[in-house]
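The values are calculated or read from the model by the stated rules, or taken from the named source; none is laboratory data. The shown structure was predicted, so the numbers you read here are calculated from the model rather than taken from an experiment. Reconstructed Cβ throughout: ideal geometry from the backbone, glycine too, with neighbour counts over all protein chains shown.
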Amino acid sequence: MNEISKPMLYVQQRDIVLPGDLIAEGKLETTSIYVYKEGNRYYSSVVGMVEVKDDKIALTPMEHAYIPRPNDMVIGLITDVGPTYWEVDINSPYEGQLPVGETILRQTQATVDTLRKFLGIGDQVLLKVIAFDRLKDPVLSMRGKGLGKITVGKVIEISSMTASILLFRKRSLVETIAKETGTAIFVGNNARIWISGGEPLMEDLAILALKKIDTPDMSSISISDIVDYIREEKAKRVKQNG
Amino acid sequence: MSVTPSTYPLVPKIQKDTILSLLEVGKRADGRGLEDIRKVKIIPNYIEKSDGSALVNIGDTVVLVGVKVEPGTPYPDLPDEGILMVNAEFVPLASPLFEPGPPDENAYELARIIDRSFRETKSIDLKELAVQPGQKVLVVWNDIYVLNHSGNLIDASAIATLVALARTKIPNYEMNEEGYLVKKEGYKGTLKLTKKVITATVAKIGKYYVADPTEEEEYVSDARLSVSFTEDGTIAGMQKMGAGSLEEGDIDAMVDLAWKVSQKYFSEISTAIGLPPQE
Amino acid sequence: MGKTGLKLIDENGIRIDGRKPDQLRPISMDVGVLKNAQGSALVSYGKTTVLAAVYGPREALPRHMTLPDRAILRVRYHMAPFSTTERKSPAPTRREVELSKVIRESLEASVFTELYPRTTIDIFIEVLQADGGTRTTSLTAASMALADAGIPMKDLIAGVAVGKVNGKLVLDINEAEDSGGEADMPVAMMPNLGKIVLLQLNGTLTRDEFKEAMKMSIKAIKEIYLIQKQTLRDKYAKMTEEEKEE
């Protein structure tokens, strides 16, 4: 690589950038849809955090609408039942579609009645995104390990920013809450969380802990803070019930 | 609520490319140069029953303005002045895009641009219209009727408004015993126009500035700038339109061009106002 | 003397609220002030206070109103009934219809609508208190609410109104200067890119005055832009500070 093709970077690792901020000049490699180009200058289009690696730039937006990508795991809500598919709200500007062929039902069995019996309006489901190009609604699948109707536990929604941090940077926080409350916690790519497997009281406590960290300055909350919080609350509850 | 239009006609890409490549050699689809305006035709006093009127064609664009002078109550903060009311209707017969119903945002915007240019320059002597200051004044209703939309409705409306107001006669209102203003035979005089004001619109397409844009040019333009002027070159109003942006240099160039165009309009208008009323 | 015969600027060039001709009013900004909206901002220029909220991108209904290749923007500029000296009817006025349009067009110049085809992005603006410059304050607030909502855009938009009172150009006019002055020129731009997205003039200016007014507004817009950026940075900075330490 010669000197001329190297981009001139105006940002450092983990800098916060804002819309209109100049990120680099020259030839830059980026796959982020949140970086845009004018002439040979690259700008940020969102409030986000940059990550620089070998002159490559990644930009994670702080807040963003959930845009489905293939292989994303999402928690959906059935909103309508069609003749051969279900309409699924996936916390996105785009309504998902679950075709009957992507479930264990056979295509030949498909009638509105059998579909309704299998999944009705208001049911929550754990699904995988298998295709999306923004022109047609995202296609979802229920075929795969762990996928299916959610019959136990509770589902909550958190901010997109908290979700990306829990998913990609601070998985340990989720693991800690799960361990301390004896629950199973699944964070969907679409900023919905499924809490299950524990006593109802402990599930509620896990939800409280998750809501506590769902703030813009969540990083000020450390793992030991959250452990202390859960243990304190647990003690209160035991007292009340005891 | 203002919504991104979803009903605008789709200009084929190839058409846009053609417009741009023509502009590069200083030409436009209808054969004009970038700074040329289409043929302007003005017919003053087109509607006999109105107190003042004008029919204006700019190319295929047709706008009719009718003025009615009627009694009314003054604004509390301006008790000794008459009132100028500018209203615009984009009637459905003028374009496949226009729907019946209350005026849309484009009609309101057009009316307000014209209204501001006359109001801010005090072109009309409104004091003269106070029949009984604080109680009864005359209201000049200036209704803009778009009859065919082929682009540049603002300039056509500005020309038609100026000509109609310049030729407006004030009906003879007399106070009766009950204190009402009653219209009598004949006219008391003509509306006093102290200043002439006109509005000229320039569109930016790619890096080019074009005068008197057609409808198609409006759709492919990045932005338009309407600039109002009085005859001495004072800027008397301005409005950027369209979902694009302009740089400071663009604005200077567009104001320059708008002034050149305004002078052409003024000269067309002087000729028209000088004509005897149509019998 | 102004239109109403009021003296709006004294011999020493001091305005009725004590400002110099090229001085902004105190500006305050806050983002993320509303829980339900995807993004929100509260912005004050002096007594003018505007709240803006963004919902979306979301599914547009009815579907025929959507565009196949980009999101549509729906913008409502609205003045609260108590925002003005005399109560304003909540029904939309011609003025509000026009301002909603010019604000929408300005925002459209900045938003990457092509990233969200077939959706709508709703921007609701409520003028809580009006003391001049409400449309430019609205644009400043709406742009920050969009940034807070994570809607991709070319740059933030900041705006300010320049006026002319007693023959002198003055920056960031208040209501008395607007109604008693000779001109009100609202300008808004994407400062980092040098692109003007809103330009209106109500009133009269000579060519030279107009050029001077443009310069004044651009300079002030850059100051407002810095406050916008600082406000947004402050909201998110804490987070990365701590992350960096890890």
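Can you tell me how many residues within segment B:233-278 are of a type in the set (Ser, Thr, Tyr), more than 15 Å from B:ALA203 (Cα to Cα) and within 7 Å of another protein chain (Cβ to nearest Cβ)?
Residues meeting the conditions: 1.
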Do you know which residues across segment C:95-118 are in contact with a helix residue (DSSP H, G or I) (Cβ under 9 Å, 6 or more places away or on another chain) and at pLDDT below 95? C:ARG118
Members of segment B:5-55 that are within 14 Å of chain C (Cβ to nearest Cβ) and without any contact (Cβ under 8 Å) to a residue 24 or more places away in the chain: B:PRO5, B:SER6, B:LEU10, B:LYS13
Condition (residue is under 16 Å from the mean Cα position of the chain (by Cα), assigned to a helix (DSSP H, G or I) and more than 11 Å from every other protein chain (Cβ to nearest Cβ)) applied to segment B:194-212: is it met by at least one residue? no
On the given criteria, is B:ASP30 over 11 Å from B:ASN142 (Cα atoms) and over 15 Å from the mean Cα position of the chain (by Cα)? yes
Filter result (touching a Pro at 6+ places or on another chain (Cβ under 6 Å) and within 20 Å of A:PRO83 (Cα to Cα)) within segment A:117-131: none
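Does A:ARG169 satisfy the criteria of being away from chain C (no Cβ under 14 Å) and surrounded by fewer than 17 Cβ atoms within 10 Å (Cβ to Cβ)? Outline the logic, then answer.
Details: away from chain C (no Cβ under 14 Å): no; surrounded by fewer than 17 Cβ atoms within 10 Å (Cβ to Cβ): yes.
Judged against the criteria, A:ARG169 is not a match.
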Considering only segment B:213-254, how many residues are in a helix (DSSP H, G or I) and closer than 26 Å to B:ASN57 by Cβ? 7
Within segment A:41-57, can you find the residues that are modelled with pLDDT of 90 or more and either among the acidic types (Asp, Glu) or in a loop (DSSP other than H, G, I, E, B) (or both)? A:SER45, A:VAL46, A:VAL47
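Residue by residue, here is whether (1) under 27 Å from B:LEU246 (Cβ atoms); (2) within 16 Å of the chain's Cα centre (by Cα); (3) away from chain B (no Cβ under 14 Å) holds:
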| residue | (1), (2), (3) |
| --- | --- |
| C:ARG25 | yes, yes, yes |
| C:ASN36 | no, no, yes |
| C:GLY46 | no, yes, yes |
| C:VAL50 | yes, yes, yes |
| C:TYR55 | no, no, no |
| C:HIS64 | no, no, no |
| C:LEU99 | yes, yes, no |
| C:ARG118 | no, no, no |
Quick check on B:ASP104: is it at the interface with another protein chain (Cβ under 9 Å from one of its Cβ atoms), of a type outside the set (Phe, Trp, Tyr) and surrounded by fewer than 20 Cβ atoms within 10 Å (Cβ to Cβ)? yes
What are the pairs with Cβ atoms under 8 angstrom where one residue, in segment B:118-134, is within 20 Å of C:GLY203 (Cβ to Cβ) and the other, located anywhere, is of a type in the set (Phe, Trp, Tyr) and in a helix (DSSP H, G or I)? Sequence gap at least six, or different chains. B:ILE124/B:PHE118
Which residues, counting only those in segment B:158-193, are assigned to a strand (DSSP E or B) and within 15 Å of B:ALA54 (Cα to Cα)? B:LYS169
Does C:ALA142 qualify as being closer than 23 Å to C:PRO57 by Cα, touching a residue at least 12 places away in the same chain (Cβ under 8 Å) and in a helix (DSSP H, G or I)? yes
Could you check, for segment A:84-91, whether at least one of its residues is more than 16 Å from A:LYS149 (Cβ to Cβ) and within 14 Å of chain C (Cβ to nearest Cβ)? yes
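Quick one: is C:LEU51 part of a loop (DSSP other than H, G, I, E, B) and buried (at least 16 other Cβ atoms within 10 Å of the Cβ)?
Details: part of a loop (DSSP other than H, G, I, E, B): no; buried (at least 16 other Cβ atoms within 10 Å of the Cβ): yes.
Against the criterion (part of a loop (DSSP other than H, G, I, E, B) and buried (at least 16 other Cβ atoms within 10 Å of the Cβ)), C:LEU51 does not qualify.
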What strands (runs of 3 or more DSSP E) completely inside segment B:38-112 contain at least 3 residues that are farther than 30 Å from B:GLN132 by Cα? B:40-44, B:52-58, B:61-72
So how many residues does segment C:6-22 have that are closer than 22 Å to C:ILE218 by Cα and part of a strand (DSSP E or B)? 1
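Among the residues of segment C:23-45, write down those that are under 15 Å from C:GLY133 (Cβ atoms) and in a loop (DSSP other than H, G, I, E, B).
C:GLN23, C:LEU24, C:ARG25, C:PRO26, listed by residue number.
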Report yes if A:GLY82 is crowded, with 22+ Cβ neighbours inside 10 Å and in contact (Cβ under 8 Å) with a residue 12 or more places away in the chain, otherwise no. no
Given the conditions (1) surrounded by fewer than 18 Cβ atoms within 10 Å (Cβ to Cβ); (2) of a type in the set (Ser, Thr, Tyr); (3) modelled with pLDDT under 90, and given that A:THR60 satisfies all but one, which numbered condition is not satisfied? (1)
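Of all residues in segment A:91-145, which are among the small types (Gly, Ala, Ser) and part of a loop (DSSP other than H, G, I, E, B)?
If the condition is that a residue be among the small types (Gly, Ala, Ser) and part of a loop (DSSP other than H, G, I, E, B), then A:SER92, A:ALA110, A:GLY120, A:GLY122, A:GLY144 are the ones that fit.
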Of all residues in segment C:103-115 being surrounded by fewer than 24 Cβ atoms within 10 Å (Cβ to Cβ) and more than 9 Å from chain B (Cβ to nearest Cβ), which is nearest to A:ILE33 (Cα to Cα)? C:LEU115
Name the single residue that is modelled with the highest pLDDT among those in segment A:25-40 being farther than 17 Å from C:PRO152 by Cβ and part of a strand (DSSP E or B). A:GLU25
Can you give me the number of residues within segment A:110-143 that are surrounded by 12 or more Cβ atoms within 10 Å (Cβ to Cβ) and without any contact (Cβ under 8 Å) to a residue 24 or more places away in the chain? 2
Kindly indicate which of C:ALA176, C:ALA147 is over 24 Å from C:LEU226 (Cβ atoms), part of a helix (DSSP H, G or I), touching a residue at least 12 places away in the same chain (Cβ under 8 Å) and not basic (Lys, Arg). C:ALA176
For B:THR230, are the conditions met, namely being within 13 Å of chain C (Cβ to nearest Cβ), crowded, with 24+ Cβ neighbours inside 10 Å and under 27 Å from B:LYS169 (Cβ atoms)? no
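Working only within segment A:58-76, note down all residues that are in a strand (DSSP E or B) and not β-branched (Val, Ile, Thr).
Just the residues of segment A:58-76 that are in a strand (DSSP E or B), to begin with: A:58-61, A:73-76.
Hits for segment A:58-76 are A:ALA58, A:LEU59, A:PRO61, A:MET73, A:GLY76.
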Failed condition for C:LEU128, given (1) away from chain A (no Cβ under 14 Å); (2) crowded, with 24+ Cβ neighbours inside 10 Å; (3) in contact (Cβ under 8 Å) with a residue 60 or more places away in the chain; (4) among the aliphatic types (A, V, I, L, M): (2)
Kindly check whether there is at least one residue in segment C:76-89 that is in contact (Cβ under 8 Å) with a residue 60 or more places away in the chain and either away from chain B (no Cβ under 14 Å) or farther than 30 Å from B:PRO76 by Cα (or both). no
